[in-house]
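Everything below concerns the one structure shown next.
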Amino acid sequence: MVQTCQWRIKRGNGRPEPTEIEKWAGELNISSFLARLLWRRGLTDPRRMEVFLGPNLRHLPGIGEWPELDRAADVLAQELGEGRTLAVWGDYDADGVTATALVLHFLRRRGYKAVPYIPHRLTEGYGLNFEGLEQLADSGAQCLLTVDCGVADVEGVERARELGMSVVITDHHQVGETLPAARALVNPKLESGVYSGAAGVGVAFLLMAALNRKLPGDPVDMREYLDLVALGTVADVVELTEENRILVKNGLLLLEEAKRPGIFALKEASGLPATSAVGSGQVGFSLGPRINAAGRMGDPSTALELLLAEDLDTARELAQTLEQYNRERRSQEDTILKQALEQAEQWKDSPGLVLFDPEWHEGIIGIVASRVRERYYRPTILLARDGDQLKGSGRSIDEFDLFSGLCECREDLVRFGGHPQAAGVSLMEGDLDAFRESFCQAVRQQVGECLPEPSLYLEAELGLDRVDLTLVKELELLQPFGAGNPEPLFCSKPLKVQRHKVFKNNHVSLELRDEQAQKTMQGKAWRQAGTLGPEVSGKNVRLAFTPRLNTYNGLVGIDLQVRDCRLLSDKS
């Protein structure tokens, strides 16, 4: 048994711990332990700590601080005021679907109709396409609003204008060298400042909030759309810091209430109590994947209809369709993952992995790329056949900016776009070998010849004597967890494994004894049966772990969620 990651204890970026930390803890009515955790996360004064722990909506910057929002809202208000028909073009993932649903619902509440258009992943691909634009024009659309897409669609926007549509773009993806000629373009990547990390649904929400002030009649309460903002933001794996943290924290409360029929039914289909509390984990691993499954396996409009459903019977029927899509997605994912790992073994010494099979499902390869990336800790791109081209999804590691790297490979690509950690590509099959070579070269240029190893960043050493309900409840104040705000991990003191048991084929249960603290606790290592074997029984170990509440049959306890294990020598 060996540890699988490098362990690094956070040290506050080399800064000395402030002498006032105990005072700050008293002012905030928290433990000095929690205050130190906040400080190590970059919250360097009590005011920032207070906002982090109490992320109220009043802490959001005013939308007037983002000038382009106001310009785009003026364009939409003018178009709607003149009675022009608005079309909303969204993406087929959870971010795009929630953004589309939010805009449509808002406009309906304000007395306006809009025509939605979400392209099919397999037949149309991402972003604007001529056929879809012509279909909208034929239906009478005169103004086009994009959500979660459009910033790279120079030709698409030009075609929309030729068809007589004025275009407003909202997006949050990386910006290329040439911008489309839209009447207004709202993207936080275009300018530094507020809401810089907003997801597509977050940008759409802010634009509707600006528009809410400009339309005639009584404004609506924009807070009622925060459930959709939270769902799309968490599912898109953007950083849950600053403004995103505030939006998501408040949106999770609405997801708990589930007043929207589609959310109620989605929770039921996911196996969650319909009015139970929802954390970012449940959104990321249960709700979001079912929304995404519609775009991956079938018609993304099914997910949109679910979020717009006005009654529970309709919503439940749609939610069951998504559940079936999700089951199909999981089955195919397992098959593709096995094949991709076999291919990856042939290229495991390469700085980047580019894997291809003509039979792979285009809607699933992005998920599998994440799993391969986790196994080998290499930037990974999986490709499937798409007509006479190859289309792929990539996932990166912390040390490599994927979008920037793909910019170095543009001569081998037909199209690409995305983020530093996730991106999509299209290329001709004849360029596969050249792309694989240029991609590996791009990885070397950024990370060097010595390939990085995965690291776990640990908050502090923590003995079991300090693990109690008070500590765990205080750690819950750090929620929601996600990119930019990871769940805290701790390094245990030496523990003896008194019992090792595999359950449900792939998970491990451990009985752990801290002799120094004279305390025994249970540990759970999810999907680690292959690496955390029975040889640890009777051995001394150190764990990288997170303590979590465990409620079973009405009883509340604490489990140690094990992320990694270091086997100690008998002398340790």
Taking L432 and the conditions (1) under 30 Å from G127 (Cβ atoms); (2) at pLDDT below 90, which numbered condition does it fall short on, given that it satisfies the others?
(2)
Candidate set: segment 340-374, residues that are out of contact with any helix residue (DSSP H, G or I) (no Cβ under 8 Å at 6 or more places or on another chain) and among the acidic types (D, E); chosen: the one most open to solvent (accessible area, probe 1.4 Å)
E359
Please specify each residue of segment 504-546 satisfying the condition of being without any contact (Cβ under 8 Å) to a residue 40 or more places away in the chain and assigned to a helix (DSSP H, G or I).
P534
Neighbours by Cβ (under 8 Å, 6+ apart or cross-chain): first from segment 193-218, farther than 20 Å from A101 by Cα; second buried (at least 24 other Cβ atoms within 10 Å of the Cβ) and at pLDDT below 95:
G197/V238
Which condition number does Y325 fail, the rest of (1) assigned to a helix (DSSP H, G or I); (2) over 21 Å from I367 (Cα atoms) being met?
(2)
Is there a residue in segment 52-71 that is surrounded by 24 or more Cβ atoms within 10 Å (Cβ to Cβ), on the phi < 0 side of the Ramachandran plot and either assigned to a loop (DSSP other than H, G, I, E, B) or at pLDDT 95 or above (or both)?
no
Among residues belonging to segment 128-150 that are free of Cβ contacts under 8 Å to residues at least 40 places away in the same chain and open to solvent by less than 60 Å² (accessible area, probe 1.4 Å), point out the one that is farthest from the chain's Cα centre (by Cα).
A137
Got a number for residues in segment 271-302 being farther than 29 Å from Q561 by Cα and either of a type outside the set (A, V, I, L, M) or part of a loop (DSSP other than H, G, I, E, B) (or both)?
7
Going by the structure shown, is E162 without any contact (Cβ under 8 Å) to a residue 24 or more places away in the chain, open to solvent by 10 Å² or more (accessible area, probe 1.4 Å) and either among the β-branched types (V, I, T) or closer than 20 Å to F403 by Cβ (or both)?
no
Look at K524 and say whether it is more than 30 Å from D227 (Cα to Cα) and open to solvent by 50 Å² or more (accessible area, probe 1.4 Å).
no
Only one of E268, E310, E305 is among the charged types (D, E, K, R) and outside any helix (DSSP H, G or I), namely E310
In segment 493-520, the residues that are under 14 Å from D559 (Cα atoms) and among the basic types (K, R):
R513, K519
Taking segment 540-563 and keeping residues buried (at least 18 other Cβ atoms within 10 Å of the Cβ), under 13 Å from L462 (Cβ atoms), aliphatic (A, V, I, L, M) and more than 25 Å from the chain's Cα centre (by Cα) leaves L543
State the number of residues belonging to segment 97-125 that are in contact with a strand residue (DSSP E or B) (Cβ under 9 Å, 6 or more places away or on another chain) and modelled with pLDDT under 95.
3
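The values are calculated or read from the model by the stated rules, or taken from the named source; none is laboratory data. Quick caveat, the model's predicted, so the values are computed rather than measured. All Cβ positions, even for glycine, are placed from backbone atoms using ideal geometry, and neighbour counts span all protein chains on display. Surface areas here come from the heavy atoms of the whole protein model, side chains and all, with no ligands, DNA or RNA. Shrake-Rupley method; radii C 1.70, N 1.55, O 1.52, S 1.80 Å.
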